Amino acid sequence: MSIHHKTIAQLSQGLSSGEFSSVELTQHYLDRINASDLNAFITVTDEFAMKQAQAADDKIAKGVGGILTGIPYAHKDIFCTNGVKTSAGSKMLDNFISPYDATVSHKLNQADLVMLGKANMDEFAMGSSNENSYYGDVKNPWNVDKIPGGSSGGSAAAVAGRLAPFATGTDTGGSIRQPSSLCGITGLKPTYGRVSRYGMIAYASSLDQAGPMTQTAEDAALVLNVMAGFDEKDSTSAERDVEDYTASLNDSIKGLTIGLPKEFFSEGLDDEVASQVMAAVKEFEAMGATVKEVSLPNSAYAIPTYYIVAPCECSSNLSRLDGVRYGYRCEDPKDLEDLYLRSRSEGFGEEVKRRIMIGAYALSAGYYDAYYLKAQKTRHLISEDFKKAFKEVDVIMGPVSPTTAFDLGSVKDPVSMYLADIYTLSANLAGLPGMSIPAGFAQKLPVGLQLIGNYWSESKLLNIAHQFQQQTDWHTQAPQEL
Amino acid sequence: MSLSEEQVGQIAYLARLSLSNEALKSNTKDLNSILSLAEQLAQIDTDNITPMAHPLHMTQRLREDKVGEEDQSESFQAIAPKIGKKHYLVPTVIE
Amino acid sequence: MEWETVIGLEIHAQLNTKSKIFSAAATQYGAEPNSQACAVDLGLPGVLPVLNKEVVSKAVKFGLAVDAHINQRNVFDRKNYFYPDLPKGYQISQLDWPIVGEGEIEITLGDTTKVVGITRAHLEEDAGKSIHDLYDDYTAVDLNRAGTPLLEIVSDPDMRSAKEAVAYAKKIHALVQYLEICDGNMQEGSFRCDANVSIRPMGQEELGTRAELKNINSFKFLERAINLEVERQQDILEEGGKVAQETRLYDAVKHETRSMRSKEEANDYRYFPDPDLLPVEISDELMAQIKQELPELPQEKKARFIAEFGLSEYDADVLTSQKPMADYFEKMIVNNADHAKLCANWIMGELSASLNKHQLELVDAPITADDLSLLVNRIGDDTISGKIAKDVFKAMWDGEGSADEIIEAQGLKQMSDTGAIEAIVDEIIANNAPQVAQFKSGNEKILGFFVGQAMKATQGKANPKLLNEMLRAKLK
């Protein structure tokens, strides 16, 4: 097996046994990145990576390394990285060399991980196809004419294309789970508040959550061990101890109750995707789980709810991009108004402007109650639905995306694009943890199975996913030419 | 209810965005279709439902009143578009 | 037509915390531009706010001191607008759930007292500073002030004259200093007043259209700006015009108010709860702790001054009207408990007059409370007379030394030696037979003549009490 097909767990062994060094490993991935046409990276940090790899090797030699010491990774370009360009996929921040590290970046550094570069993404994490990046479309490694999903499309493509053993992602409405599903990898969005948002460029503050994108559930547990934790710099971070997420991976799932929300299997779901998802559920039954139908009656409203709440928050979050202190400033502004108007109009892409305007409108005098407040109330109802469901079941399962990856450039209408987020949005609105794990193929493209757990049930989700991966080999499959 | 191009222009200005005539047209169409999606919310009975601004029922943690930041203006200003002697500069504002 | 003025004030008091409301940057005034603007204050991408505990405590203190309802659950909102000194494009403030709800405060104007309602007081972050005259074609932005905690205290429209507005502002100014939550420095902008001014025909219930006056940095200017605005509105209304609802800038140099570049068309702040901050919950324990730590308030201090030191209502009121003065008095009487009235007189008399004359604040007085206390002591123990003490005070003010040093150096000690005074009295009686005869025939007033002669002979040092007694005895 080529080195780049190895999981983190396997690479960690190879590094500690001296089979290969971090410098060798890192160089191998850098070579693969340079040879790749997937456009998965915005910035490749060769020099930076080699320095970190050398330092990691020194630690391993001294026997003071940790389990992740020397493992390379792709970092979504939404996390601030001190001294490295952090663009969030936007022209607005094309010249932004972050003067500080995000808490997640800091934690990954502390664990001696090696950053290969900054992964491509939809501009400010707004998008489901990675077609909204200032740095161009990312291609799906399974079929380069297809989208990789978004907004963490570069991260997903990097892992699926074996350009990095793992990647970081962020998920506001499905941005970890959906590209993981479409690229056939494992992605985890933790409970809101589990991973610090400090230094993660905000899209919608009450929905954003970072998590790992890996080949396997075991790897996701290893990475989450590092990413998770209370951060005093983030008021919304939970003061809760971090479990060892690998501890219960091997627990039996006999007696597990799986809830299938009937609303997740309705009109609009591709038949082949549905049958792959159901086959995966059957697999769980064979492993001793029982299945129960549940109802999430308000989940149909997740789309309008999300597409009000998120734009409202983003319209305010992105106001700081004004061309005054950092970022893009237009040429020769003739007055302050001109400076604002041109810097922002030239700096932001179409989808970002659209969401800013929706948000500005939904918050404006006379419309606040009908849109923003109404959406916050619906959000409450959506979250209550889950509360009820989790009284009956341990985990909810369903599809991640109604279809497999579609053709690049094929969806032009924003609303059609939004409708594809139907199965992922409600977990964000409720703040619940969710996963996507490889569950087969349809039209020769990967299909993901979504797991949604109760609050703080990351260990349980990883356990369920790991057990599935012990019985199946969907997660080990890679695009043929690799 | 549907937004006119004039209204979209006002919203854009509120967000300090300027739209070309063409962009104004296409955005008016897109914004209206997104808002008609949002109109679905009106069907839901939300009487006596409290709005949910945060997913978790946590309250604000308070920080001790300690100074813990050094002067980093040099590195912060190295990435600024225009700096005078330690000041950020913008075209003259008339009050 | 007779008009009634209606005034409400919005006071912005900077809370005197060490660090900012949402970041750990220092709040010190006068630092190098932008040296105290950290990543959070600059609104760098990805940064997040964390609330300062002291800010909450200080706001609660204020609320308790004005008998206000404290919203133990309160919420921070974002107020969205673009301005170069507002780094994030929104100000974190409180709209629907301010920390302090309705309260009230009593003001005194001459002989009358009046209760002014406080609508609310909420927490927010200060903006940075835009400087327009530093560069030719640019406005310069200094973000050191960005994120400094502010308590915005909003009054009901209860004031009916500029004088009442000033009395209210002074009262709040004194209160925040008593509470030690704000340094009250108006020149540095730690305490700022905006005035909402309208007029209406006397007897009319409905309020007139108001103008908001900004940029007022002293009580004197507050009074002037309001009076100016009232005149302006009267002129407009009497000529049949309409007052526009607008923000007006007070220019102290030109002594005029002028309309600020009309922001009205873009004035949609799109408030919504800040998703980066959670609802603040003030526990009953914290409430109890703050209540316990509440310092003595002006009214309580005034009552104590009357009860404990026997001061008059008036004296106690003046002394407690400003915290520095009350502090000065309390320091003085540590060694002078028996002479409280004398201490009060000296503070309100000589000391205040000299401060006025030299345009100094009490904290900058060249004579400390301890120094003045010593001088009063020397009056109390008959070392010098009150009259001589005034000369000593002048010398002390000019830095000639302590009271004792000056008394010693200038030989001002009162003459209390009975023998010496008796010799002088005898001589005066012997040399002034006609006046002696007048006294004996019942002209009591002539006694003053003898006192004057004796004081002249002793350069004013004779103990007046002793001298009087002796003269009466000898002239009988």
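Numbers for the structure displayed
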| item | result |
| --- | --- |
| For residue C:239, net neighbour charge (Lys/Arg +1, Asp/Glu -1) across residues whose Cβ lies under 15 Å away | -1 |
| Built amide H within the under 5 Å cut-off of residue A:162, gap 5+ | none |
| Sequence of C:394, A:91, C:456, C:301 when ordered by accessible area, the most exposed leading, probe 1.4 angstrom | C:456, C:394, A:91, C:301 |
| Positive-end residue of A:116, A:133, C:46, charge dipole of the protein assembly as shown with Cβ unit charges | C:46 |
| Residues with amide H under 5 Å from that of residue A:291, placed H, sequence gap 5 or more | A:258 |
| Table column - 3J(HN,Hα) (Hz), the range C:136-149, Karplus curve with 6.51, -1.76, 1.60, x for Gly and Pro | 4, 10, 10, 9, 9, 10, 10, 9, 4, 7, 4, x, 5, x |
| Karplus-derived HN-Hα couplings along the range C:276-289 (A = 6.51, B = -1.76, C = 1.60, θ = phi - 60°), whole Hz, x at Gly and Pro | 7, 10, 9, x, 7, 10, 9, 5, 4, 4, 5, 4, 5, 5 |
| Chain A - accessible surface per residue (Å², probe 1.4 Å) | 30 Å² |
| Per-residue average of Cβ from other chains inside 10 Å of C:179-192 | 0 |
| Net charge, residue C:388 excluded, C-beta distance under 10 Å - Lys, Arg +1, Asp, Glu -1 | +4 |
| Total accessible surface hidden between C and A, rounded to 100 Å², 1.4 Å probe | 2700 Å² |
| Dipole-positive endmost among A:16, B:41, A:152 within the protein assembly as shown (Cβ charges, Cα centre) | A:16 |
| For the pair C and B, total buried accessible area rounded to nearest 100 Å², probe 1.4 Å | 4000 Å² |
| Partner chain coverage, peptide A:99-112 - average Cβ within 10 angstrom | 2 |
| Cα-centred dipole magnitude for the range A:33-145, charges only on beta-carbon of K, R (+1) and D, E (-1), debye, nearest 20 | 380 debye |
| Interface size B-A, as summed buried accessible area [1.4 Å probe, Å², nearest 100] | 5200 Å² |
| Burial order of peptide ranges A:217-225, A:339-347 (average beta-carbon count within 10 Å, highest first) | A:217-225, A:339-347 |
| Along chain C, longest interval not containing exposed GluC sites (Glu not before Pro), exposed being DSSP loop plus at most 11 other Cβ atoms within 10 Å | C:3-204 |
| At least 40 Å² accessible surface lost relative to isolated chain, residues of the range A:233-266 (1.4 Å probe) | A:235, A:236 |
| Peptide A:351-362 - average C-beta neighbours from other chains (10 Å radius) | 6 |
| Rounded to the nearest 20 debye, dipole of the protein assembly as shown from Cβ charges on Lys, Arg, Asp, Glu | 560 debye |
| Sum of side-chain charges, residue A:238 neighbourhood, beta-carbon under 13 Å (Lys, Arg +1; Asp, Glu -1) | -3 |
| Distance from the range A:85-106 to the range B:1-55 (C-alpha centre basis), Å | 30 Å |
| Given charges at beta-carbon only (K, R positive; D, E negative), |dipole| of chain C in Debye | 1200 debye |
| The range C:3-289 - accessible surface per residue (Å², probe 1.4 Å) | 39 Å² |
| The range C:108-150-the range A:37-83 distance, computed between alpha-carbon centres (Å) | 47 Å |
| Where the range C:418-475 is the region considered: accessible area per residue in Å², 1.4 Å probe | 56 Å² |
| Relative packing of peptides A:153-161, A:398-406, A:4-12 - highest average C-beta neighbours within 10 Å first | A:153-161, A:398-406, A:4-12 |
| The range C:152-167 and the range C:16-47: distance between their alpha carbon centers, rounded to Å | 32 Å |
| Relative contact order [Cα under 8 Å, 6+ residues apart], chain C, whole percent | 14 percent |
| Gain in span if fully extended, residue C:443 to residue C:259, counting 0.36 nm per residue against the direct Cα distance | 58.9 nm |
| Solvent-accessible area, 1.4 Å probe, carbon plus sulfur percent, for the protein assembly as shown | 47 percent |
| For the protein assembly as shown, share of DSSP beta bridges that run antiparallel, in % to the nearest 5 | 80 percent |
| On Cα atoms only, tilt of C:464-475 relative to the major axis of chain C in degrees | 30 degrees |
| Which of C:329, C:470, C:363, positive extreme of dipole for chain C (C-beta unit charges) | C:470 |
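The values are calculated or read from the model by the stated rules, or taken from the named source; none is laboratory data. Treat the numbers as computed from the prediction; the structure is a model and nothing was measured. FYI the Cβ positions are ideal-geometry reconstructions off the backbone, even for glycines, and counts take in every protein chain you see. Heavy atoms of the whole protein, side chains included, go into the accessibility calculation; ligands, DNA and RNA do not. Shrake-Rupley method; radii C 1.70, N 1.55, O 1.52, S 1.80 Å.
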